[in-house]
1. Could you grab the pairs with beta carbons closer than 7 Å, sequence gap of 6+ or different chains, first residue in region 67-93 and within 19 Å of residue 106 (Cβ to Cβ) and hydroxyl-bearing (Ser, Thr, Tyr), second one at pLDDT 90 or above and open to solvent by less than 10 Å² (accessible area, probe 1.4 Å)?
2. Evaluate region 241-255: report whether one residue or more is more than 28 Å from residue 179 (Cα to Cα), crowded, with 20+ Cβ neighbours inside 10 Å and in contact with a Gly (Cβ under 9 Å, 6 or more places away or on another chain).
3. Is at least one residue of region 261-272 over 30 Å from residue 136 (Cβ atoms) and not in a helix (DSSP H, G or I)?
4. Scan region 76-86 and give yes if some residue there is part of a helix (DSSP H, G or I), open to solvent by 40 Å² or more (accessible area, probe 1.4 Å) and under 25 Å from residue 268 (Cβ atoms), otherwise no.
5. Of everything in region 135-163, what is buried (at least 24 other Cβ atoms within 10 Å of the Cβ) and not in a loop (DSSP other than H, G, I, E, B)? Give them in sequence order.
6. Is it fair to say residue 116 is under 28 Å from residue 266 (Cα atoms), touching a Lys or Arg at 6+ places or on another chain (Cβ under 8 Å) and open to solvent by 10 Å² or more (accessible area, probe 1.4 Å)?
7. Can you tell me which residue in region 212-234 is farthest from residue 171 (Cα to Cα), limited to those that are outside any loop (DSSP other than H, G, I, E, B) and open to solvent by 60 Å² or more (accessible area, probe 1.4 Å)?
8. With the structure loaded, tell me whether residue 60 is of a type outside the set (D, E, K, R), touching a Ser or Thr at 6+ places or on another chain (Cβ under 8 Å) and at pLDDT below 90 or whether it fails that test.
Amino acid sequence: MGVWRCGRFELPTDRALVMGILNVTPDSFSDGGRFVGPGGVDAEAALREGLAMAAAGAAVLDVGGESTRPGAAEVSPAEEVARIEPVVRGLAEAGGCAVSVDTRHAEVARACLEAGADVLNDVAGFRDGAMVEVAAGSTAGCLVMHMLGEPRTMQDDPRYGDVVADVKAWLLRRVETLVDAGVDRDRIAIDPGIGFGKTTAHNLELLRRLPELVATGHPVVVGASRKRFIGEIAGGGPEERLEGSLAAAVWAAAMGAAAVRVHDVGPTVRALAVTGAIGGAG
């Protein structure tokens, strides 16, 4: 059985684990504003939500303090740290599941590692040398995600030759950069970046051909939850995309994904339990 080594944890990769999304932002596309208001961050409420996700079956909790929706404005590293460090620290102290920090900024990553984070989830794919340095100086798992350009511009007419081949080649180059810096391969997972500089057709092609990414030997994490392409196919706003999100998660698991990153932890855990039982029935 393979494992993804992430700080305090060795996560099995022979079945799809659930990574729960915990955004401490005012403007994320689906759940922004839940824990940030005029008075600042309600860290206690965010911590309660994270603990509820863990109780519902999340193996990893992914805490983010900067929205990466299309067109989103950047947040200063200092503001990002202020939003998420108390939440990361509280979840790490509670134990029970791995804590991931969703950031592009080395300063934020460093602060959250000191607070107990187990995973660095870099939506920019560790393009920043400072992020690579932080990763190499830690024992954290590294999640390398593909994004075309930056959040502000990534959906401005994205184009590829062959989206799967292009994304895979880019991810493997970033993996080698981390390995060359001293990061062990078994600490590195990859994410094709569904919705990050991709059209609906690109997203569907990546999901159809997910086994090509799994064949790289690196754990593959898929984050399709509540994404716009689901609404384009089935209709409805972000809060009405549960069924489509479950369909994408079940598909990703069947195609060999090691983890699915989701907003709706309980329903996803239950759906994967049923499909897992069916797959093991023979």
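1. Going by the 7 Å Cβ cut-off, the qualifying pairs are 68/123.
2. Yes, region 241-255 contains a residue that is more than 28 Å from residue 179 (Cα to Cα), crowded, with 20+ Cβ neighbours inside 10 Å and in contact with a Gly (Cβ under 9 Å, 6 or more places away or on another chain).
3. Among the residues of region 261-272, at least one is over 30 Å from residue 136 (Cβ atoms) and not in a helix (DSSP H, G or I), which makes the answer yes.
4. Scanning region 76-86, I find no residue that is part of a helix (DSSP H, G or I), open to solvent by 40 Å² or more (accessible area, probe 1.4 Å) and under 25 Å from residue 268 (Cβ atoms), so the answer is no.
5. Within region 135-163, 135, 141, 142, 143, 144, 145 meet the criteria.
6. Numbers: under 28 Å from residue 266 (Cα atoms): yes; touching a Lys or Arg at 6+ places or on another chain (Cβ under 8 Å): yes; open to solvent by 10 Å² or more (accessible area, probe 1.4 Å): yes.
So residue 116 fits the description; yes.
7. 234
8. No; evaluated as a whole, the condition is false for this residue.
The values are calculated or read from the model by the stated rules, or taken from the named source; none is laboratory data. All values derive from a computational prediction rather than experimental measurement. All Cβ positions, glycine included, derive from the backbone under ideal geometry; neighbour counts span all protein chains shown. Protein only, heavy atoms only, side chains kept; ligands, DNA and RNA dropped before computing areas. Shrake-Rupley method; radii C 1.70, N 1.55, O 1.52, S 1.80 Å.
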